[in-house]
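The values are calculated or read from the model by the stated rules, or taken from the named source; none is laboratory data. Just so you know, these numbers come straight off a predicted model, no measurement behind them. Neighbour counts are summed over all protein chains in view; Cβ atoms, including those assigned to glycine, are modelled from backbone coordinates with ideal geometry.
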Amino acid sequence: ASRSLRGGAPGPERRAEGRRRMAEARRVSFRDGRFASRKTEEAAWRRHQAAAWLESMVGPFGLTHCPSEQEFVAALRNGIVLCKAINKIQPGVVPKVVANAPCDSQPSTAFQYFENIRNFLVAVQALKLPSFEASDLEKDNLDAGSVGKIVDCVNSLKSYQERKKCSGTYGPVKYMKSPLAPRSAIHVQSENVTLGSSTPQKCLDLTEIDAEGQSSQNVGPNMEEAIGKLQRIILDCMISCKENLNQDVLKKDPVTLVGTILSNQLEKEQFKPLLQLISPEGAATKNEPNQHIECSNSQNENRLRLLEAQESELLELKTMFQEVKVDFRSLQTQFQDDITELGHNIQGISKAALGYNQAVKENRNLYNMLQEVRGNIRVFCRIRPLMNSKSISSIEHVGNDGSIMVCDPYKPQTTRKIFQFNQIFGPTTTQDEIYRETQSLIRSVMDGYNVCILAYGQTGSGKTHTMCGPSGGLSSNDLGINYMALNDLFTISTSREDVKYDIRVQMVEIYNEQVRDLLSEDTSSTKLDIRSSSNGLFNLPDAKMCPVQSPSDVMTLMLLGEKHRASGPTAMNNRSSRSHSILTVHVNGKDISGNVSCSCLHLVDLAGSERVDRSEATGDRLKEAQHINKSLSCLGDVITALAQKNSHIPYRNSKLTQLLQSSLGGNAKTLMLAHISPEGESYVETLSTLKFAQRASTVELGTAHANKESNDIRELKEQV
Ligand SMILES: Nc1ncnc2c1ncn2[C@@H]1O[C@H](COP(=O)(O)OP(=O)(O)OP(=O)(O)O)[C@@H](O)[C@H]1O
């Protein structure tokens, strides 16, 4: 079958198909024909209505009951009927009407007729009614739908007049309810062209609705827009529905006709939102009470359902709220319990911490006592503040038990080193705090003990700062241990009235392995010899011994000594001490019983060890550095030998160790103040200082003895 359909001889299927197509074509042509004839009928009906109305207004003017388009136009072409009709509605709107002239008699009359038409059109436009063009009345334009426009104009005049009858006033045509309304004064001309020519049937006059409807004066712009939309939709619907209107309907009164169309169309879904907008209170549906009631019933049901749903949700929320409340209460209780427990724990910890601190303190005291009994060299360590803010500190931790942990910040992978000393002073420790810790030791000089305080450390680590003060002893502000010690000794001597003290001061330096007297006026010529005394110790008999009576005497001498001391700038320290300085305070006491005590206090500010590559020392500075390093190395040897309790202690290897022999190996109380620079760049030197100090702390000097002799023993000794 498909083959025969494609190319073979016409078969029965093909014939049936052809029949179907023909039937369809007939149906379409019938439908189109019906539609066209209905349009014609409707136009005729409207024309006849316009003619009848004109006749009722101006009286018979030679038209039949059902005039054709040509007849209708011919009767109106001179404009007399139109002008008379409009003058009836609005007297005097066309002031001068050229009348009683035979149709198309002369060209001049034709011109006057044209004046009639023109005046009529002006009047129509003034009333804001649909208009037409003067040329629409010409014979040649009859086929272009121009008759429809003339008919529309006449019918709108008719509606206008009827409205006037109803309301008693002639207002402008209400835009709101008329499909003609968009033809406002401004747009009337152009819309006549577009709407009137192409779709003349759209000019159905619905102004009746306006007469019945409420005033739209108060309607807002949104409402107006909505109504305009509604009108256009209704108009479209009406046009599409025309084909369903039978002849009987067409004969109905236009108001009834529009009412019928509207009531059919208003039921459609597409109007509902617009109707609601126009009449939110349901005015649009007031003619349909049942529907309204149904609608409000269903609305009520919906509301009820919503209310129920909300109620149940509310209940759920209430339950949830109660649950949360309970949870919250239990959490609160738990939280309070936790807090109480935490409080107990903190109390326990703080007690433990307090106990620990006390234990540490006791431990340190015991350790110090043990050191004293053993006669160990006590070691304090002082950390200078960071001088270069860009540097990283090598000090990792400082414990309050005298421990210190250091690490090379530039090689963090290397193991941390921990050292333990009698006391550690951080960078913020003041001179006073340092002195307070050394005070008891220094005071023991007044009881006949030999005391030695050694400031040790690399160059620039703060030895002179501690011993002489920030200005190196040249100013009376922020003084160092030297001055504070002597000041203290004077205080004690004046407070002990039963003992008479004689205090004398020596101040020497060891510069390039030569001992020089710092209190002599001519230091260059005073190279001192170290002599061994009868008790095997060394002393400096030729060094100037200056008696001091008051702290100001001491101050004067110290300033003199510091002035004479060798110092010079290096890359590590602007005012580097290039010598070891030894301030010796000799204290001789004699009480009223004749008992004597004889002791000395050595306050030693060692020159700093330095790496010449870092101190960039050359020439004299280099020679000084070599001597400094050599003597410090000798000191290290002595300390090591003492720590190892060797039978031979190499005191004689340097002037420094010779002079310090009684303090390092005798019965003196010795304190080493190890100074360190915290900069990471000085880590090697810091480590070396700490190791040296650690070794020194293991040196046992034996129990210190006071150098006191009773009067009897002294007399016996003198007799011997
Ligand atoms: N605790 C400190 N607080 C503030 N500044 C300090 C402190 N210790 C040292 N300084 C400063 O560091 C610099 C070097 O100090 P100082 O001259 O005392 O070092 P030093 O160990 O005596 O050096 P050198 O062995 O070369 O003589 C000085 O400018 C000094 O004022």
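The table below gives the values:
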{"quantity": "Pick from region 384-395, criterion aliphatic (A, V, I, L, M) and touching a helix residue (DSSP H, G or I) at 6+ places or on another chain (Cβ under 9 Å), ranking: farthest from the ligand (Cβ to nearest atom)", "calculated": "ILE392"}
{"quantity": "Whichever residue in region 649-663 is aliphatic (A, V, I, L, M) and touching a helix residue (DSSP H, G or I) at 6+ places or on another chain (Cβ under 6 Å) and, among such residues, is farthest from ILE582 (Cα to Cα)", "calculated": "ILE649"}
{"quantity": "Yes/no for SER593 being surrounded by fewer than 16 Cβ atoms within 10 Å (Cβ to Cβ) and at pLDDT 85 or above", "calculated": "no"}
{"quantity": "Hits in region 423-449 - residues which are over 23 Å from SER609 (Cα atoms), crowded, with 19+ Cβ neighbours inside 10 Å and touching a Gly at 6+ places or on another chain (Cβ under 9 Å)", "calculated": "TYR435, MET446, GLY448"}
{"quantity": "Within region 512-536, considering residues that are crowded, with 17+ Cβ neighbours inside 10 Å and modelled with pLDDT under 80, the one nearest to SER633 (Cα to Cα)", "calculated": "LEU528"}
{"quantity": "Hits in region 553-588 (condition: of a type in the set (S, T, N, Q), surrounded by fewer than 17 Cβ atoms within 10 Å (Cβ to Cβ) and modelled with pLDDT under 85)", "calculated": "ASN574"}
{"quantity": "Filter result for CYS452 (crowded, with 22+ Cβ neighbours inside 10 Å, in contact (Cβ under 8 Å) with a residue 40 or more places away in the chain, of a type outside the set (Val, Ile, Thr) and away from the ligand (no atom under 16 Å from the Cβ))", "calculated": "yes"}
{"quantity": "Filter result for THR428 (out of contact with any strand residue (DSSP E or B) (no Cβ under 6 Å at 6 or more places or on another chain), away from the ligand (no atom under 16 Å from the Cβ) and either in the same structural domain as ASN365 (by TED's automatic domain parsing) or polar (S, T, N, Q) (or both))", "calculated": "no"}
{"quantity": "LEU656 vs. criteria at pLDDT 85 or above and in contact with a Leu (Cβ under 7 Å, 6 or more places away or on another chain)", "calculated": "yes"}
{"quantity": "Tally, over region 627-670, of residues that are part of a helix (DSSP H, G or I), more than 60 Å from the chain's Cα centre (by Cα) and more than 21 Å from GLN694 (Cβ to Cβ)", "calculated": "10"}
{"quantity": "Any chance LEU606 is modelled with pLDDT of 85 or more and touching a Lys or Arg at 6+ places or on another chain (Cβ under 7 Å)", "calculated": "yes"}
{"quantity": "Answer residue from region 144-176, given it is more than 22 Å from ALA51 (Cβ to Cβ) and over 60 Å from the mean Cα position of the chain (by Cα) and is modelled with the lowest pLDDT among those", "calculated": "LYS174"}
{"quantity": "So LEU317, is it in a helix (DSSP H, G or I), away from the ligand (no atom under 16 Å from the Cβ), closer than 30 Å to GLN661 by Cα and not β-branched (Val, Ile, Thr)", "calculated": "no"}
{"quantity": "All helices (runs of 4 or more DSSP H) inside region 1-117 with 2 or more residues being modelled with pLDDT of 80 or more and surrounded by 15 or more Cβ atoms within 10 Å (Cβ to Cβ)", "calculated": "12-58, 69-76, 80-89"}
{"quantity": "Number of positions in region 396-416 that are outside any loop (DSSP other than H, G, I, E, B) and out of contact with any helix residue (DSSP H, G or I) (no Cβ under 8 Å at 6 or more places or on another chain)", "calculated": "5"}
{"quantity": "Failed item, numbered, when THR430 is tested on (1) farther than 23 Å from THR698 by Cα; (2) in contact (Cβ under 8 Å) with a residue 60 or more places away in the chain", "calculated": "(2)"}
{"quantity": "Count of residues meeting criterion [crowded, with 19+ Cβ neighbours inside 10 Å and among the small types (Gly, Ala, Ser)] in region 479-498", "calculated": "2"}
